[in-house]
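Notes for the one structure printed next.
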Protein chains: 2
Amino acid sequence: MKIAVLGAATTKFGELWHISPRDLVKEAVSEALDQSGCSRSQIEAIFVGNMLSGVLGGQENLGAFFAEELNLPVSAMKVEGACASGGLAVHAGVMAITSSLYQTILVVGVEKMTDHKPEEVAKSLMGAGSDVERQAGATFPGLYALMARAHMKKYGTTEKDMASVAVKNHYHASLNSHAQFTRPITLEQVLTSSIVASPLKLLDCSPISDGAAAVVLSKNKKQKTKNKKQVYITASVVATDSLGLAERQDLTTIDAAVRAAKKAYKMAGITPGDIDVAEVHDCFTIAEIIAMEDLGFFKKGKAAASIREGKTTLGGRPVINTSGGLKACGHPVGATGVKQIVEIYKQLKGTAGKKQVKGAKIGLTHNVGGSGATAVIHILRRD
Amino acid sequence: MKIAVLGAATTKFGELWHISPRDLVKEAVSEALDQSGCSRSQIEAIFVGNMLSGVLGGQENLGAFFAEELNLPVSAMKVEGACASGGLAVHAGVMAITSSLYQTILVVGVEKMTDHKPEEVAKSLMGAGSDVERQAGATFPGLYALMARAHMKKYGTTEKDMASVAVKNHYHASLNSHAQFTRPITLEQVLTSSIVASPLKLLDCSPISDGAAAVVLSKNKKQKTKNKKQVYITASVVATDSLGLAERQDLTTIDAAVRAAKKAYKMAGITPGDIDVAEVHDCFTIAEIIAMEDLGFFKKGKAAASIREGKTTLGGRPVINTSGGLKACGHPVGATGVKQIVEIYKQLKGTAGKKQVKGAKIGLTHNVGGSGATAVIHILRRD
């Protein structure tokens, strides 16, 4: 597989009360199109990743909605898979190009969450959980807290280990002007922040966010820009698992991510050791520790120490979540999986600014829906 | 394009208060898989068409949801585009196969609507409209009533013309044991039914329904069943237009359908005259009249007379909505576009029972989202 990424951009993520989803998408698309050197008329299809516009905003049919907003009356559809909606929209875009039914397409991810009451948002997000979990009153912090407890018990992972993920990602976000949180934080601050669902504290959790991201994908096409590094998607894999935690064999791993990653490495013809930089789904700090192991970057039970020692911080290898991740860059649900592609694209193009990983050639994105029901892995590389 | 349809089935459509979406989908998938001769383990991906499960049922991530229910931990995503969600899911399935990323996949369409208050359903359906229309208090019967008035004014279409569509589709549905309404009705009954949004009366409107449909698609694979007629999808096209009616040039046509159909005929290498049988999106009777013209079956303004004369009734040509259409077979939103494929598959296989169109070789499906914001056209043929 070799799908050219011709352009990729995000808006700033954050509490953007003054900006509508329309304007968020227009901003991201406009920048991505500019980079791509493509005219609007070359876009043949639009794939929109979004989870909550129906429940929170009363607006469905976002494919046609944004096609109209962008004045592109082309093929369009919304793709939904909870917090993996963005990654799934990219996968749909990859299928579109690989099928040869479309030559050049646009993937958009968007979510507008902060206009609503937190309770309302938390309730609507539980649409990603199993009905048993909803009926039991579970929330996602609670579900990930269970996973954290299991990981602590089995591998001796500590609250300090988890806190070190937050510290790293806030440090990375401090180098990213588009991040929701741009101040570095300390271990002490994380460990003394208020408890959300023990052992997870406020600063172990990703925020509720607004934001949009867009990428232009094309078949083998060269980008007509000065920067000659061409970035390609070389693997795109989706796998699923049970929605509920109770049906899983092991709470210390996300099996769908393990299976999707294995297949993606094979598809791209690489091993985990080839990855220079990755954006992973750190909805909670424990999720990044589990992801490090699921993706094969570290052996089971060994990721926490490596993160604590700075192996995944800028300057180490593989560098994880240079954007700040969901944790500090923000997590506008439908935008997240698309934003991950944008960040890796920038890293491979060498346009990531202060957070640039020197010489990055191969990158990976890891986008998860629910507590692990859906996993989407993409591998990107440059010439 | 030549995508083999290996199996296709629907549940009964109707007010199915005693059956959960889970069981509806299991029933349709089980029958489609049986027909296909494929084992469950051959299914590599699932595409789910659904509009309202989040808003009405609190359950999102239906890709992973049904993957779990079907015990298939494979790639899965939900596709949404209002009432065209099912057609878009089929289009995603076609992309999946054409891309060669997947060899054999399942498309599922499902909606569970009748458990909820009609006002709640009507409100959630307006998620397919523009925000201006929602703010103005418009509903879909009202929007299609505007289209009907425009068509009446421009082409002299009468309320009786529209009623004749309902009579035909209820007649077809009376031959379909899976239809929601299986009693024939008379012109008189339609014309004297209560007014919903003048000129549309109760019997001009499709109902609120529950139901599921499933199709198994595969790459060039032959079906291992006794019935040797092999059915293929030979065109799959999506187009979009403005969500709101106010932005359209002409209310007597659905431009997205016109554009999608033209492209589909070209893709399949046929003309409208080659179509033996079609399932079209008759959410309201006027919609079928407009579809007949948009699809090129009759000249603009000439469809009504042809329908009245029985040209599209069983025995005529092209025969339209042998299932009973949305109007009488029922309209479980996300299932509709998939059900249309099921009906044409049955017609081309020669297994449509009492409603069989003799010698049908080429068929078409026409699935519309909103009041014409999204149009999805598929063309199918048999060897």
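What the table below lists for this structure:
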| read-out | value |
| --- | --- |
| Residues that are under 22 Å from B:VAL342 (Cβ atoms) and either part of a strand (DSSP E or B) or not hydroxyl-bearing (Ser, Thr, Tyr) (or both), drawn from the range B:167-184 | B:LYS168, B:ASN169, B:HIS170, B:HIS172, B:ALA173, B:LEU175, B:ASN176, B:HIS178, B:ALA179, B:GLN180, B:PHE181 |
| Residue list for the range A:271-294, restricted to those being of a type outside the set (Ser, Thr, Tyr) and part of a helix (DSSP H, G or I) | A:PRO272, A:GLY273, A:ASP274, A:ILE286, A:ALA287, A:GLU288, A:ILE289, A:ILE290, A:ALA291, A:MET292, A:GLU293, A:ASP294 |
| In the range B:80-132, the residues that are assigned to a loop (DSSP other than H, G, I, E, B), at the interface with chain A (Cβ under 7 Å from one of its Cβ atoms), buried (at least 21 other Cβ atoms within 10 Å of the Cβ) and more than 18 Å from the chain's Cα centre (by Cα) | B:LEU101 |
| Enumeration of residues in the range B:35-62 that are modelled with pLDDT of 95 or more, charged (D, E, K, R) and in a helix (DSSP H, G or I) | none |
| Any hit, the range A:267-283, residues being among the aliphatic types (A, V, I, L, M) and more than 27 Å from B:LEU101 (Cβ to Cβ) | no |
| Options B:VAL196, B:VAL190, B:VAL237; residue that is among the β-branched types (Val, Ile, Thr), out of contact with any Leu (no Cβ under 7 Å at 6 or more places or on another chain) and not assigned by TED's automatic domain parsing to the domain that holds B:ILE46 | B:VAL237 |
| Residue selected from the range A:59-74 under the condition acidic (Asp, Glu) and surrounded by fewer than 24 Cβ atoms within 10 Å (Cβ to Cβ), by the criterion nearest to the other protein chains (Cβ to nearest Cβ) | A:GLU68 |
| Where B:HIS18 falls short, out of the listed (1) within 25 Å of B:LYS346 (Cα to Cα); (2) without any contact (Cβ under 8 Å) to a residue 24 or more places away in the chain | (1) |
| Filter pass, A:LYS299 being free of Cβ contacts under 8 Å to residues at least 40 places away in the same chain and more than 30 Å from A:GLU15 (Cβ to Cβ) | yes |
| Residue list for the range B:312-339, filter: touching a residue at least 12 places away in the same chain (Cβ under 8 Å) and either surrounded by fewer than 24 Cβ atoms within 10 Å (Cβ to Cβ) or among the basic types (Lys, Arg) (or both) | B:THR313, B:LEU314, B:ARG317, B:PRO318, B:LYS327, B:LYS339 |
| Of the criteria (1) part of a helix (DSSP H, G or I); (2) of a type outside the set (D, E, K, R); (3) facing chain A (nearest Cβ under 7 Å); (4) under 18 Å from B:VAL215 (Cβ atoms), which one B:MET77 fails | (1) |
| Selection count, the range A:358-375, where residues are out of contact with any His (no Cβ under 6 Å at 6 or more places or on another chain) and closer than 25 Å to A:CYS205 by Cα | 9 |
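Quick grid of which residues meet (1) farther than 30 Å from B:ILE19 by Cα; (2) among the hydroxyl-bearing types (Ser, Thr, Tyr); (3) in contact (Cβ under 8 Å) with a residue 40 or more places away in the chain:
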position: B:GLY63; (1), (2), (3): no, no, no
position: B:CYS83; (1), (2), (3): no, no, yes
position: B:TYR102; (1), (2), (3): yes, yes, yes
position: B:VAL107; (1), (2), (3): no, no, yes
position: B:VAL121; (1), (2), (3): no, no, yes
position: B:ALA136; (1), (2), (3): yes, no, no
position: B:LEU143; (1), (2), (3): yes, no, yes
position: B:LEU146; (1), (2), (3): yes, no, yes
position: B:HIS170; (1), (2), (3): no, no, yes
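The values are calculated or read from the model by the stated rules, or taken from the named source; none is laboratory data. What you see is a predicted model; the values in this text were computed from it and never measured. Backbone-built Cβ (ideal geometry, glycine too); neighbour counts: all protein chains shown.
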